[in-house]
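The values are calculated or read from the model by the stated rules, or taken from the named source; none is laboratory data. Source: prediction; values computed, not measured. Virtual Cβ from ideal backbone geometry, glycine too; neighbours counted across all protein chains shown.
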Amino acid sequence: MEKRSLLQRFIARPEFGPFVLLAILLIVFYVINPTFLSTLNIGNVLAFAPELGIIALAMTLLLTAGEIDLSVGSVFGFSAVIMWTLFNSGVASLEIAFVLAMALSLVIGFCSGFMVTRMKIPSFLVTLGMLLVVRGSALYITDGFPQRTWDASGSWLAELLVGDFYIGELRVWASLLWFILLAVIIGYVLTQTKRGNWILASGGNANSARARGVRVNATKISLFMLTAALAAFAGIISSIRTSAANPNSGTGYELEVIAMVVIGGTSMAGGRGTIIGTVLGVFILRIMRNGIILIGVPGLAYNIFVGAIILGMMALHSWLERRHNAGV
Amino acid sequence: MTDLVRMEHIEKYFGRVQALNDVSFNVKEREIVGLLGDNGAGKSTLIKILSGALTATSGDIYIKDQKADIRNTGDAIRYGIETIYQDSALVPQLSIARNLFMGREPVKGRFGQLDQAHMNEVASNLLKQVGISKPIPPTTPISALSGGERQAVAIARAMYFESDLIILDEPTNNLGVEETQGVLRFVRNARDSGHSCIFIAHNIYHVFQVVDRIVVLRRGKKVADDIDPKKTTIEAVEHIITGMVEA
Ligand SMILES: Nc1ncnc2c1ncn2[C@@H]1O[C@H](COP(=O)(O)OP(=O)(O)OP(=O)(O)O)[C@@H](O)[C@H]1O
Ligand SMILES: [Mg+2]
């Protein structure tokens, strides 16, 4: 094998495509409308990005392990509804309600994981069913009405989840710090640890991994639980930030999250995943959404661009793959 | 020499089809056994029972004279039995080093961090030991290797983790001349370092080059057990396989 230059190795990495795309988007949007890089607008992007981003981190691991979770958008809406319903009805304090909502999300994740691994039903179908069950529950519990959310300021839990502070002019939300922290931890786990190797092996060749003593089912179940938990976490953060717990919130998020992950270079087929790529993918889609409006493209055209970017990135990834045979 | 593995009176039915009919089969320590037979003779079925991919309808397995209960491939690996197919045993997206240590990753520190430096070092040495001559970095993904090199990685893994018995089911299929010679060399190296092997191949020339003893199956029955390749000819063995002569 010949020695490759640093540049060549960088180009061969799955994160190369999304990195270039993000740079291009930043430049194009800035040139057309310089307010795009104003402190206020950067603050806006950084406020929204972590919520879907947190889910995308977990989804990256799940796709890498060869599975998928379509129920994340439902869990996102459901958990906030549960927390606020418990709190509003006086059954529990906010802290207890938070813990209960998170625990319930772990149960949901466990059920999905159990059905996928033990009953051998494809995760696409299991989580499609779960999407409907969870969304239906949220609607049923609330009669379809948004839950009253009380002004969360002053609660230490709310401060911890979505408090904000200023760096100079830039308003930073605690959710961004959560996103960064989780990205670092999850990225480390995936690339540097035994657990990460098991995730990669489970997605790459589950049978041979199992034969070698890798606990494939346990690995996958724990990832379904992590994904549901982070979807719930994101939903609760979002509900506090926007002071709204709507049983319909999060609808369609599953597709946006999956788009972020695959744009970043993670393989839908399993066995290959990148957290750095996912972080890039998260910002690519959030910046698209934000920038398109700023430069005056009708917001309704957003999906055309997202779709085109997904297709373009898939073409790029498959081309790079054939050329470089990139691996871990 | 003592028996490493002994299979006694193995019967296997698939529905009403009898794939194995009262087959007894043994492998001694430091022995390479060639398992021959026509298509459908039952070779793969027999070794799959030993490697835990299938379970026998009846019959017993003894490993080092202890009765063994092999229900899945994990059990077989714990008993020291490693099976190598063309590529099904490796994860193509992962590196050579990560594949070698899959399921038994060395870790350091408190957070389960992989000891990648150690993994890469061991992998490099092993690749040399099995006889891969060109320098392949241990971080190369399996998907970038040739069929023969993949076999080498699988054999290296079996050797490193002290598998007593390495089973190779048609390991030279789809391989070129040089790669085939490579695999045969890996098998000999494995035996020389104390491992036993079961070698299945349709190409009798390949079998004759490496094995110590030949066993022949025909239509689910064992028809020859103790053929010494040094004392017979390829034609004679072919006749036994096709049933033109009884052994
Ligand atoms: N899963 C199965 N279900 C039903 N029948 C099977 C199954 N596996 C094998 N058989 C039958 O068992 C018999 C032995 O098959 P086996 O695969 O062991 O043969 P083989 O000696 O390995 O042949 P080949 O040289 O072609 O690989 C065949 O008649 C085959 O059709
Ligand atoms: Mg066969």
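To keep it simple, each residue is scored yes or no on (1) buried (at least 24 other Cβ atoms within 10 Å of the Cβ); (2) of a type in the set (A, V, I, L, M); (3) under 15 Å from the mean Cα position of the chain (by Cα).
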position: B:Y160; (1), (2), (3): no, no, yes
position: B:I167; (1), (2), (3): yes, yes, yes
position: B:V177; (1), (2), (3): no, yes, no
position: B:Q181; (1), (2), (3): no, no, no
position: B:N189; (1), (2), (3): no, no, yes
position: B:V210; (1), (2), (3): no, yes, yes
position: B:R218; (1), (2), (3): no, no, no
position: B:D226; (1), (2), (3): no, no, no
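Look through the range B:21-53, keep the residues that are in a helix (DSSP H, G or I) and among the charged types (D, E, K, R), and return whichever of them is farthest from ligand 2 (Cβ to nearest atom). Explain how you work it out, then say what you get.
We begin by selecting, within the range B:21-53, every residue in a helix (DSSP H, G or I); these are B:43-51.
Filter again for among the charged types (D, E, K, R), leaving B:43, B:48.
Details: B:K43: 5, B:K48: 9 Å.
Among residues in the range B:21-53 that are in a helix (DSSP H, G or I) and among the charged types (D, E, K, R), the one farthest from ligand 2 (Cβ to nearest atom) is B:K48.
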Subset tally (residues that are of a type in the set (D, E) and not in a strand (DSSP E or B)) for the range B:211-225
1
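Could you tell me which of the residues B:T57, B:T140 is at pLDDT 90 or above and more than 10 Å from chain A (Cβ to nearest Cβ)? Walk me through how you get there before you give the answer.
Working: B:T140 fails: more than 10 Å from chain A (Cβ to nearest Cβ).
Residue meeting the stated conditions: B:T57.
What tally of residues in the range B:72-103 results from selecting those that are more than 7 Å from every other protein chain (Cβ to nearest Cβ) and of a type in the set (S, T, Y)?
Just the residues of the range B:72-103 that are more than 7 Å from every other protein chain (Cβ to nearest Cβ), to begin with: B:72, B:75-76, B:78-87, B:96-97, B:99-101.
Restricting the remaining residues to those that are of a type in the set (S, T, Y) gives B:79, B:83, B:85.
Number of matching residues: 3.
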Test for A:G90: is it without any contact (Cβ under 8 Å) to a residue 60 or more places away in the chain and not in a helix (DSSP H, G or I)
yes
Residues of the range B:41-80 being out of contact with any helix residue (DSSP H, G or I) (no Cβ under 8 Å at 6 or more places or on another chain) and within 15 Å of B:I198 (Cα to Cα), which ones?
B:G42, B:K43, B:S44, B:T45, B:L46, B:I47, B:K48, B:I49, B:I63, B:G80
Being closer than 18 Å to B:D169 by Cβ and either within 14 Å of chain A (Cβ to nearest Cβ) or away from ligand 2 (no atom under 13 Å from the Cβ) (or both), is that true of even one residue in the range B:60-71?
yes
Go through the residues of the range A:270-287 one by one and say whether even a single one is surrounded by fewer than 21 Cβ atoms within 10 Å (Cβ to Cβ) and more than 30 Å from A:I27 (Cα to Cα).
no
(1) buried (at least 20 other Cβ atoms within 10 Å of the Cβ); (2) more than 25 Å from the chain's Cα centre (by Cα): which one isn't true of A:M130, the others all being true?
(2)
Only one residue in B:A152, B:A201, B:A156, B:A190 is out of contact with any His (no Cβ under 8 Å at 6 or more places or on another chain), at pLDDT 80 or above, more than 26 Å from B:R78 (Cβ to Cβ) and among the small types (G, A, S). Which one?
B:A201
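State which residue is nearest to B:M159 (Cα to Cα) when the search covers only the range B:104-137 and only residues that are at the interface with another protein chain (Cβ under 10 Å from one of its Cβ atoms) and in a helix (DSSP H, G or I).
From the range B:104-137, those at the interface with another protein chain (Cβ under 10 Å from one of its Cβ atoms) are B:104-107, B:109, B:111-116, B:119, B:134-137; that's our starting set.
Within this subset, residues satisfying the condition of being in a helix (DSSP H, G or I) are B:116, B:119.
On the way: B:Q116: 20, B:M119: 15 Å.
My answer is B:M119.
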Going through the range A:190-234 one residue at a time, which ones are touching a helix residue (DSSP H, G or I) at 6+ places or on another chain (Cβ under 6 Å) and among the hydroxyl-bearing types (S, T, Y)?
A:S202, A:T219, A:T227
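Just checking, does the range B:4-22 include any residue being buried (at least 21 other Cβ atoms within 10 Å of the Cβ) and within 16 Å of B:H195 (Cα to Cα)?
We begin by selecting, within the range B:4-22, every residue buried (at least 21 other Cβ atoms within 10 Å of the Cβ); these are B:4-5, B:7, B:10, B:12, B:19-20.
Now narrow it down to the ones that are within 16 Å of B:H195 (Cα to Cα): B:4-5.
Looking through the range B:4-22, at least one residue is buried (at least 21 other Cβ atoms within 10 Å of the Cβ) and within 16 Å of B:H195 (Cα to Cα).
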Somewhere in the range B:160-167, is a residue over 18 Å from B:I96 (Cβ atoms), within 16 Å of ligand 1 (Cβ to nearest atom), within 14 Å of chain A (Cβ to nearest Cβ) and of a type outside the set (K, R)?
yes
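Looking at the range B:55-73 only, could you name the residues that are touching a residue at least 40 places away in the same chain (Cβ under 8 Å), assigned to a loop (DSSP other than H, G, I, E, B) and surrounded by fewer than 18 Cβ atoms within 10 Å (Cβ to Cβ)? Write out each step before concluding.
Initially, the range B:55-73 is screened for residues touching a residue at least 40 places away in the same chain (Cβ under 8 Å), giving B:56-65.
Narrowing the set further to residues that are assigned to a loop (DSSP other than H, G, I, E, B) leaves B:56-57, B:64-65.
Correct list: B:T57, B:K64, B:D65.
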Unmet criterion (only one of (1) surrounded by fewer than 21 Cβ atoms within 10 Å (Cβ to Cβ); (2) facing chain B (nearest Cβ under 10 Å)) for A:G203:
(1)
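Out of contact with any Phe, Trp or Tyr (no Cβ under 6 Å at 6 or more places or on another chain), modelled with pLDDT of 95 or more and either surrounded by fewer than 16 Cβ atoms within 10 Å (Cβ to Cβ) or farther than 21 Å from A:M130 by Cα (or both), is that true of A:A56?
Numbers: out of contact with any Phe, Trp or Tyr (no Cβ under 6 Å at 6 or more places or on another chain): yes; modelled with pLDDT of 95 or more: yes; either surrounded by fewer than 16 Cβ atoms within 10 Å (Cβ to Cβ) or farther than 21 Å from A:M130 by Cα (or both): no.
For A:A56, the condition - out of contact with any Phe, Trp or Tyr (no Cβ under 6 Å at 6 or more places or on another chain), modelled with pLDDT of 95 or more and either surrounded by fewer than 16 Cβ atoms within 10 Å (Cβ to Cβ) or farther than 21 Å from A:M130 by Cα (or both) - is not met.
Tally the residues that are under 11 Å from A:T193 (Cα atoms) and either out of contact with any strand residue (DSSP E or B) (no Cβ under 9 Å at 6 or more places or on another chain) or crowded, with 21+ Cβ neighbours inside 10 Å (or both), restricting the search to the range B:99-119. Working first, answer last.
Within the range B:99-119, the first condition is being under 11 Å from A:T193 (Cα atoms), and the residues that meet it are B:105-116.
Right, trim to either out of contact with any strand residue (DSSP E or B) (no Cβ under 9 Å at 6 or more places or on another chain) or crowded, with 21+ Cβ neighbours inside 10 Å (or both) and you get B:105, B:109-110, B:114, B:116.
The total comes to 5.
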